[in-house]
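Beneath this line is the structure, given in structure tokens, with notes to follow.
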Amino acid sequence: MAAVVVVLLWGSCQLITTERLPEFAKYGDTSEKKDAFFTYLGEHIDEVNTDILKQRARLQDIREGLGPDEEPGWLDRRWVHRALEAYEFDPVETITSETLRQLAQRMDIIPPSMILAQAAIESAWGTSRFARQGNNLFGMRTYEPGTGIVPKRRAAGATWEVAAYDTVNEGLAAYIHNLNTHGPYLQLRASRAAMRSRDQTLSGTTLTGGLRSYSELGYEYVAKVRGMIRSNNLERFDK
């Protein structure tokens with residue numbers, strides 16, 4: 001049964017009707033399973049990416065309204081400081097054009113094709129234990145004992161758990177936040193900013209090159225995600 005919950009995405013509070021993942025394992029036909037998975041998750045991706053784009057639009061308005069050596073007005077400064085905290089920047093006293101440029105590099109969407117490909121790989125098409133029990137389709141970990149799901153196979157002495165989320169949107173937002181803030185994905189964000197500067201549609205195939213640190217497989221993982229995008233024509237969702 002669907003449940004109505006309040007989802008707090010940074011900068012907004014909205015009511016979203018959510019439910020646990022559908023039983024994708026029930027599909028005997030592979031094509032039907034893929035279509036159901038992409039359709040279901042695609043709707044959630046649209047919700048989360050739309051929220052980010054609304055925030056980004058306000059940031060762009062602030063940037064475009066500033067003259068040389070000007071700071072934003074009081075309300076905009078407060079908004080920017082909250083955004084900087086949300087995107088894990090160190091505190092700043094003065095908001096400069098460079099500050100706003102760096103914030104814009106983090107405050108952006110992830111192409112749906114890349115999200116769908118990683119979700120399919122990491123969650124076994126939405127059928128993994130962590131996806132079904134914890135709305136975690138991306139294999140993300142937590143290092144706070146008791147806050148996630150303990151994996152059945154874990155090295156002796158290890159304390160990490162697989163992160164668990166109340167809703168699919170919450171897990172999806174956490175995954176995007178990870179890529180938008182953590183150091184290993186700096187190349188991904190730089191490539192995305194370069195595409196933005198050329199007014200290009202963000203390409204999941206291109207940005208996947210920044211995922212080498214996502215898995216111990218490194219470049220092999222990048223090739224695996226790109227193969228998933230290509231074989232399922234997922235870049236059609238980016239347009």
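Laboratory data are not the source of any read-out in this text; all were calculated from the coordinates shown. What you see is a predicted model, and the numbers here were worked out from it, not measured in a lab. Methodologically, a virtual Cβ is constructed for each residue, glycine included, from the backbone with ideal geometry; neighbour enumeration extends over all protein chains shown.
Side notes on the structure shown:
- Residue order for Asp35, Asp199, fewest other beta carbons within 10 angstrom first, comes to Asp199, Asp35.
- When the Cα gyration tensor is reduced to axis lengths a ≥ b ≥ c, the ratio a/c is 1.5 or higher for region 194-239, and with a/b not above b/c it is classed as oblate.
- Taking the charge dipole of region 3-238 about its Cα centre, with +1 at Lys and Arg Cβ atoms and -1 at Asp and Glu Cβ atoms, the residue from Leu234, Pro112, Gly65 reaching farthest to the positive side is Leu234.
- By the helix-only formula, in which each DSSP H run with n ≥ 4 contributes -39500 (n - 2.57) and the sum is divided by residues, the chain has a 222 nm mean residue ellipticity of -16000 deg cm²/dmol.
- Relative contact order, whole percent, for region 3-238 stands at 20, derived from Cα pairs under 8 Å and 6 or more residues apart.
- About its Cα centre, the dipole of the chain is roughly 800 debye, where the only charges are +1 on Lys and Arg Cβ and -1 on Asp and Glu Cβ.
- Farthest toward positive dipole pole in region 3-238 [+1 Lys/Arg, -1 Asp/Glu at C-beta], among Tyr185, Ser213, Ala25: Ala25
- Positive end of the dipole of region 3-238 (Cβ unit charges, origin at the Cα centre): among Ile52, Thr159, Met195, the Cα lying farthest that way belongs to Thr159.
- With Cα atoms, 0 to 90° folded angle of helix 112-123 axis to the chain main axis: 40
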